[in-house]
Structure formats: C-alpha cells, structure tokens
Amino acid sequence: MRWIVASAWPYINAVPHLGTLIQVLSSDVYARYRRKKGDSVVFVSGSDEHGTPIEIEAIRKGISPKELTDKMHSYVSDLFNRFGISYDNYTRTESPTHVKFVQEFYMRIYENGHIFEKETEQLYCPNDKMFLPDRFVIGTCPYCGYEKAHGDQCDKCGRLLNPTDLINPRCAICGAEPELRRTKHWFFDLPKFSDKLKEYIESNEQLPDNARSMSLSMIEDGLKPRSITRDNKWGIPAPFPGAEGKTIYVWMEAVLGYVSAVKEHFERLDKPEEFDEFWKGKDTKSIYFIGKDNIPFHTLIFPALLMASEGGYVLPYNVASTEFLLFEGEKFSKRERIGIWLDEALALLPADYWRFYMIYIRPETKDANFSWDDMVAKINDELNDTLGNLIHRVLSFIKSRYNGIVPNAQLDEESEEMLKEAKEIAGRIEDNLERVKLRDALKEFLEMARLGNRFFNSREPWRDIKENKPRADSTVVASFNLLKAMASYMHIFMPFSAEKLWRMMGLDGEPAPFSDAFNIVTEIQLREVEPLFHKVNKEELQERLEEIREKGEVLSARE
RNA sequence: AGCGGGGUGGGGCAGCCUGGUAGCCCGCCGGGCUCAUAACCCGGAGGUCGGUGGUUCAAAUCCACCCCCCGCUACCA
C-alpha cells in the first residue's frame, strides 16, 4: 500500500508554538507507523510563506519578505529535524516546483471552466499602497462602540462586520484612513461541486466525526465561490489572462503543496514517474493531520480543486483533525507570551519528552490543556518511573549478574505467557494507530512496560540467580526480548530514545519493523548502559524558561 | 445569533454511536519486594455520570427542554 502522509503547512511569520507541534508530531508518528508496517510512505509538509502577515512582518523588520522567509524556513526546518520529524520532504511555497505546479494547476482549472472573475470594492491604504484584508482594518464598532473592532468581527461584542461598517476606519498597519477602491478578483466555483463533495464525504467512512459533521453542515448551508486571487505583492503570480499584478491567495496555493511536495520529492530522487504512481495510483491513500479550524479546506476546497483539475489525483482518504491545545487553560498568544515556542521547548527538554507528553495529551475528543504540573507528573511517573525504570532494571541486572551477556535459555511457560500477552498489547497498539487514536496507542505502549514490571517483580530473578539459575535465565531472556519488542513500538513515538535503547541493548541498525518485533534473540552482548530518562522539576523548568527569555537565547525569545 | 465540541470519584481522562448494576493514570490509605532512577508489585477507600422530564424490564449511554464552559462562522493564516 502507498501512503501520502501530510501535516498542515505551518505559517512561518513566527516560530511555531507547541500547538502547531501537535499536527506535525501526529503526522510523524503516523508516518513512522506506516513505515514500520512495511508500507511505502511519502511524508511531506513545508513552510507556508506568502501573504499579508509576512509582508508586514518584513516591512517591520526592514527586510524583504524573501529574506525573512529564507531565514525562518531554515530555522523551522532545523527545529523539526531536532524534534525527530521524519519528513521525506519538508519544502516551502517559494520552491520553484511548487510555484510552477500551482500556476499550471490553476490554469488547468481555468481552462476547465471552473473559474470566473468579478469586480469587488475593497478598502485600500494609500499610504502602504496595498489593499487591506478585512482583518487589517480597525475602527469603531457600529453596534457596541468598541474602538478597536476589526473589519471582519468586533472582538468585544462578537458581531460579524464588513470593513465598510466600521466608523472611522483605519489601516491596522500604519493608521492611515483607507479608501474604497474597485478591484477585480478570480473566483473558484465551489458550489458547482456540492453534490460530488457531499457524496465524497458521506462515502468516506474513516473521516472523524467532527470533520464529517462540520463539512456536511457547510454543504447544507450552501457553499460559496471562493476567491483565489489577492492584491498582494508577495505570493505566487496569478496565471490568469488579465490578472497581472495579482497573486494567488495563500490558502488556495498552500494546500496544493501536498501535491507539489511529493512531485518535488521524486524529482530530487530522479524518479519523476513515481509521482504519478503515488498521487494518481488506485492503491494510494492520503492522510492529513490538521487542527479543527482547517477542516473545510481539507474536506471541501482541496478535494474540489482536485476534482476540478480533472487530473486523476486521489482524494483525501482521511483528514485526521484534532481539537485545540490550550496553555494552562488559556489560548496560546504570541503577544501576551502565553505558551511555549518550539525553540524554547528544545532548550528546556530533549525532544522525546515533548513528543511523549504532546501525544499523551493529543486533543482527540476535546480541547486539551497543557499544564506544567501535569507534564511533570506524566514525565516523572510514567515516562521515567514506569518505562525508564523497567529498561534500566532489566539491563543493569544483565550487566551485574550476567556480565552483560544475555544467556541462551529455553523460555519456560510463564515467560512464553508473558510475551504472548505483550504481543496482544502490541496488537492493540497497532489497532489504535490504524484508527489514528495515537493517544490510546501510546497508553497501550505504557501497558507493555507495566507488564514487564509485573513480570520481573513476580519472577524475582535476583532470588533465582542463586537458587534456580535456569528460571532466572528464562526471566532475563523474556524481559530482554520484551524490551526489544518495545523498542520497535517506542521508535514511532520517541525515536531518539528508542535508537539509544537499541544500541545499549547491543543490537545493530535501528529498531526492528513490527513483523520482526517478537523474534527472540539471545546471546547478545550489551553495550554501555545508562538511564534513558530522568525526572524533571517544575520550578527548575520554569526558571530555565525565564532565563532563556531574558537572555534571548533562542529566536522566538527575541521576536 | 447560527453551527460544532465538552460538562463522569480530589486532579487529568476513557466509556456514550452498537442501552444492562462505572474503567484508566495520578493522588490518598495499607501491605509486599529490594534487581532498579526512594524506583517496582499487590490490595483498599473514594463517583450514580451538569439539571429536569421522558422512552424502556433496564440509561452515563436514546429523546426533549434547560444551565455552564470552549471553539468556529469561510478576504488572518
């Protein structure tokens, strides 16, 4: 089976925070799972770098947008690397392959007759010489009198607004008074695809409930044409006749990155023909990891675009959407510095600790909350004590009592029984992963560690070693092989630690694929053994974070 | 306002779709073990599932209404 695994493209006007990491991490765990199962996987994402906010950020910094995103893209790529995200291609929307693909793709839809043009009136800032997105117009709310209402909605009374409703409208960038100007835009005829989309969604059983119900209700309410173009300078030039000076709206181009990134991947491998095999193959499945705010783009607009292109592309098989992550009960906020940013996170703790806790609280059924107390408790009690200690007690026992060599022993019935139970747990881990219940999968994984601790405890090999050597041998071989199987499953959640464990266990290469996870090995010489994890302390972490911010040790702390 | 999600022992969550005397982790109390990072293992106390009404032999689980929390509403990305 071929799989395209993708995560939403982060918008890189700033360093991403932990909320963004949820999707990136989830997709990585899933991609690693597919590979461990032996599937053929292409795992892609990239930096979303066009659009107004980045243009403005660049102006603020006195550099060009390209300079800004060059820097941010390499910074963010590096962060994802350090988090162990196993992308086959983490690219960017400035990639020539992407730009060319987007232009050709939209020309094709245009020629297929799914795009029309329309004149609209929009506010324009004569000072910044640009049309202003609704969000970038500020003024007094005509309903409640709030003076800092945005052009799309008043944050005070919650009413939806048009920018022209605002009393005393001002440009959010420079404060000048905007003027109304006529402009022409190109629209994608989304309503035309309503029936097909409805059928597609209804027949797509594995879509999560939140994605399905939200999408169907939007179709029910009636879809609207979506504008494709913007009057921005920073973006991909719209290819339509008469659209000179316009660019493609970031969202309408970034989703196509899922396609272009795969194309680019195979071009780099010098196997361009495999792109078609993947994206147009009958046995290809694609899965997208996104937050719930992105659902309509992935269940409606993206599939409709693929349909409209008549290019034979596979429609999304699954859109694994999560709810939101809150930080100590509040929304992440750059301005108020509520949250933790990815570069700060890595300066605080090793990547695997974050991977563990973020998957542990993955917001699968409802909004989840990051809390220091909870994180510290989970890392100390479960990651360190339950898992870390099992590994260490088994390996150090072999070190001290067996000269670091796993004996060659016949497994007795009880040992066989334990491994059989472990296999059943492994089966449940895989079931959960198959259904994209990553959190449950991780919790089942911890069950393996509990099983190991129980086994080691009741078998008391420290006693047998003096009185009943063969029984102790069996305990040790079974425990060692449990760890070996665990390393395979651990590898998808915590790759760095799993690889380190594998090396300590004296094994070569990397943790085995699932099919070989329970192949029994003996007579292995361990390498140097040391604890895989350590406990953390909330106060120390918070103090360290303060320090990182005060000293501006990482980029996000300096922004 | 409309739409969507949620309200389960002290804390964090699962179960609800496919109704049948409530499950997991932490914490708490008691016990065991000493190989291990004061780690591990066993047992126990503690909830009637936001409220009201209804369907049913039976409801956390289905239906109706109500209360509270959160998010979204498509030219922010």
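So, residue A:13, is that one at pLDDT 95 or above, over 23 Å from residue A:432 (Cβ atoms) and surrounded by fewer than 23 Cβ atoms within 10 Å (Cβ to Cβ) or not?
no
Taking the condition within 16 Å of RNA strand B (Cβ to nearest atom) and either free of Cβ contacts under 8 Å to residues at least 24 places away in the same chain or crowded, with 22+ Cβ neighbours inside 10 Å (or both), does residue A:44 pass?
no
For residue A:331, work out the one condition from (1) within 9 Å of RNA strand B (Cβ to nearest atom); (2) in contact (Cβ under 8 Å) with a residue 12 or more places away in the chain; (3) of a type outside the set (S, T, N, Q) it doesn't fulfil.
(2)
Within the range A:249-273, how many residues turn out to be within 16 Å of RNA strand B (Cβ to nearest atom) and of a type in the set (Asp, Glu)?
1
Okay, residues lined up against (1) β-branched (Val, Ile, Thr); (2) more than 37 Å from the chain's Cα centre (by Cα); (3) within 15 Å of residue A:179 (Cα to Cα); (4) at pLDDT below 80:
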position	(1), (2), (3), (4)
A:116	no, no, no, no
A:120	yes, no, yes, no
A:124	no, no, yes, no
A:142	no, yes, no, yes
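Results for (1) under 26 Å from residue A:385 (Cα atoms); (2) over 25 Å from the mean Cα position of the chain (by Cα), shown as yes or no for each residue.
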site	(1), (2)
A:494	yes, no
A:498	yes, no
A:505	yes, yes
A:514	yes, no
A:527	yes, yes
A:534	yes, yes
A:550	no, yes
A:554	no, no
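Of all residues being without any contact (Cβ under 8 Å) to a residue 24 or more places away in the chain and of a type outside the set (Lys, Arg) in the range A:334-355, which is nearest to residue A:546 (Cα to Cα)? Just the residue, please.
A:338
Anything in the range A:156-173 that is in a loop (DSSP other than H, G, I, E, B) and either more than 34 Å from the chain's Cα centre (by Cα) or at pLDDT below 75 (or both)? List them, or say none.
Answer for the range A:156-173, where residues must be in a loop (DSSP other than H, G, I, E, B) and either more than 34 Å from the chain's Cα centre (by Cα) or at pLDDT below 75 (or both): A:156, A:157, A:158, A:159, A:161, A:162, A:166.
Give me the pairs, please: first residue somewhere in the range A:233-254 and at positive phi and part of a loop (DSSP other than H, G, I, E, B), second residue anywhere and of a type in the set (Gly, Ala, Ser) and crowded, with 23+ Cβ neighbours inside 10 Å, beta-carbon distance under 6 Å, and either six or more positions apart or on two chains.
Listed by first residue and then by second, the contacts come to nothing, as the list is empty.
Any chance you could count how many residues in the range A:375-389 are in contact with a helix residue (DSSP H, G or I) (Cβ under 8 Å, 6 or more places away or on another chain) and either more than 7 Å from RNA strand B (Cβ to nearest atom) or over 14 Å from residue A:490 (Cα atoms) (or both)?
Result for the range A:375-389: 7.
Can you list the helices (runs of 4 or more DSSP H) lying wholly within the range A:442-528 that have 2 or more residues being within 19 Å of residue A:425 (Cα to Cα) and more than 10 Å from RNA strand B (Cβ to nearest atom)?
A:469-493
Out of (1) in contact with a strand residue (DSSP E or B) (Cβ under 7 Å, 6 or more places away or on another chain); (2) outside any helix (DSSP H, G or I), what's the single condition that is false for residue A:113?
Exception for residue A:113: condition (1).
Residue under question is residue A:382, and the condition is that it be among the charged types (D, E, K, R), farther than 26 Å from residue A:429 by Cβ and in contact (Cβ under 8 Å) with a residue 24 or more places away in the chain; does it hold?
In short, no.
Within the range A:542-559, count every residue that is exposed (fewer than 13 other Cβ atoms within 10 Å of the Cβ) and in contact with an Asp or Glu (Cβ under 9 Å, 6 or more places away or on another chain).
1
What is the residue count in the range A:515-541 for residues that are closer than 22 Å to residue A:30 by Cβ, of a type outside the set (Asp, Glu) and surrounded by fewer than 18 Cβ atoms within 10 Å (Cβ to Cβ)?
1
So which of A:108, A:135 is surrounded by 14 or more Cβ atoms within 10 Å (Cβ to Cβ), at pLDDT below 85 and either more than 28 Å from residue A:308 (Cα to Cα) or touching a helix residue (DSSP H, G or I) at 6+ places or on another chain (Cβ under 9 Å) (or both)?
Answer to the check: A:135.
Picking from A:355, A:362, which residue would you name as being within 17 Å of the chain's Cα centre (by Cα), modelled with pLDDT of 90 or more and not aromatic (Phe, Trp, Tyr)?
A:355
The values are calculated or read from the model by the stated rules, or taken from the named source; none is laboratory data. What you see is a predicted model; the values in this text were computed from it and never measured. Positions of Cβ are generated from backbone atoms using ideal geometry, with glycine treated the same way; all protein chains shown enter the neighbour counts.
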